[in-house]
Amino acid sequence: MMKRALWPVLVLTITFGQTGFAFSPAPVPAATRPGPGVTSALAVAPDDDDYNIGNVWLTAGEDAARCLPETPSPDLSAEEVITGIFRGLQFNNVPEQDSGFLRCYEFMDLACKKLVTGYGNVPEERTLEKFLGYAAQSPKLLPFVGAASIRFGETSRIPKTQTRGEIITMPLRVLPDGKKEERAFMVRLQKQRRPPLAGAYIVTDVIDVATVESISRPLNSE
């Protein structure tokens, strides 16, 4: 039976505006708030010091990571797929080593695997063992591994047609471990129309927004 993510502590109210993301954590009883000096290591670490509950956040994130889906299923929404993949990367070695990378292998199509690793043009580069090695050096996956925070934006949808399934796009902002500035990514999924994955969402693109902006920047006219 497919497991669903359980987030007993990470209850967040999320709003979106023209300027980006706004996250409001659910109120935490005063008795559970730690004293000064406690740092947060967590899944989504709120900015307000009053909600900085340290290792409780980390423990909740790890517990939730143990319940993330492991393979594609028509029962999973696009949001569940995206959350599962990138929360899984955040806790890459939960419940086992490279569980997050393994989830990427299962949920990404071949073109996306090539995109994030730079390999896969020949069959011998497409094995799970090879992918795990490439993923460990991927500039598009490593920012999420052990990240201090990941923020999920609002999805946009392109309806299905007679020749393809629905396309979903979601913006993400990640604060890599040890960094002071967030990085922006776009993730694109497509619902599959044919067996064996008919009805399931598969990741087709992971886009580093900064890279795209640098490529598309106008040339200097001088």
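The values are calculated or read from the model by the stated rules, or taken from the named source; none is laboratory data. All values reported here derive from a predicted model rather than from experimental measurement. Methodologically, a virtual Cβ is constructed for each residue, glycine included, from the backbone with ideal geometry; neighbour enumeration extends over all protein chains shown.
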First in region 94-107 and in a helix (DSSP H, G or I), second anywhere and charged (D, E, K, R) and surrounded by 17 or more Cβ atoms within 10 Å (Cβ to Cβ), Cβ under 8 Å, 6 or more apart: 104/113; 105/113
Filter result for residue 85 (aliphatic (A, V, I, L, M), under 19 Å from residue 197 (Cα atoms), in contact (Cβ under 8 Å) with a residue 12 or more places away in the chain and in contact with a helix residue (DSSP H, G or I) (Cβ under 6 Å, 6 or more places away or on another chain)): yes
Any chance residue 134 is in contact (Cβ under 8 Å) with a residue 12 or more places away in the chain and over 14 Å from the mean Cα position of the chain (by Cα): yes
Flag for residue 71 being among the polar types (S, T, N, Q), at pLDDT 95 or above and either in a loop (DSSP other than H, G, I, E, B) or more than 22 Å from residue 168 (Cα to Cα) (or both): yes
The lone exception for residue 201 - which of (1) over 17 Å from residue 91 (Cα atoms); (2) at pLDDT 95 or above; (3) surrounded by fewer than 16 Cβ atoms within 10 Å (Cβ to Cβ) it fails: (3)
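Every residue, every condition in (1) in contact with a strand residue (DSSP E or B) (Cβ under 7 Å, 6 or more places away or on another chain); (2) more than 18 Å from residue 64 (Cβ to Cβ); (3) small (Gly, Ala, Ser), yes or no:
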| residue | (1), (2), (3) |
| --- | --- |
| 86 | yes, no, no |
| 94 | no, no, no |
| 100 | no, no, yes |
| 125 | no, yes, no |
| 144 | yes, no, no |
| 170 | yes, yes, no |
| 176 | yes, yes, no |
| 182 | yes, yes, no |
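Quick check on this structure: which one of 183, 126, 151, 193 is free of Cβ contacts under 8 Å to residues at least 24 places away in the same chain, over 18 Å from residue 93 (Cα atoms) and surrounded by 12 or more Cβ atoms within 10 Å (Cβ to Cβ)?
Details: 183 fails: free of Cβ contacts under 8 Å to residues at least 24 places away in the same chain; 151 fails: free of Cβ contacts under 8 Å to residues at least 24 places away in the same chain; 193 fails: free of Cβ contacts under 8 Å to residues at least 24 places away in the same chain.
Unique residue meeting the criteria: 126.
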Residue match in region 154-166 (condition: surrounded by 21 or more Cβ atoms within 10 Å (Cβ to Cβ) and either part of a helix (DSSP H, G or I) or touching a residue at least 40 places away in the same chain (Cβ under 8 Å) (or both)): no
From the options 213, 182, residue that is at pLDDT below 95 and of a type outside the set (A, V, I, L, M, F, W, C): 213
Counted residues, region 108-133 - those being in a helix (DSSP H, G or I), of a type outside the set (D, E, K, R) and either touching a helix residue (DSSP H, G or I) at 6+ places or on another chain (Cβ under 7 Å) or closer than 19 Å to residue 170 by Cα (or both): 8
Top-ranked residue of region 169-201 - restricted to ones that are acidic (Asp, Glu) and either more than 17 Å from residue 153 (Cβ to Cβ) or assigned to a strand (DSSP E or B) (or both), ranked as farthest from the chain's Cα centre (by Cα): 181
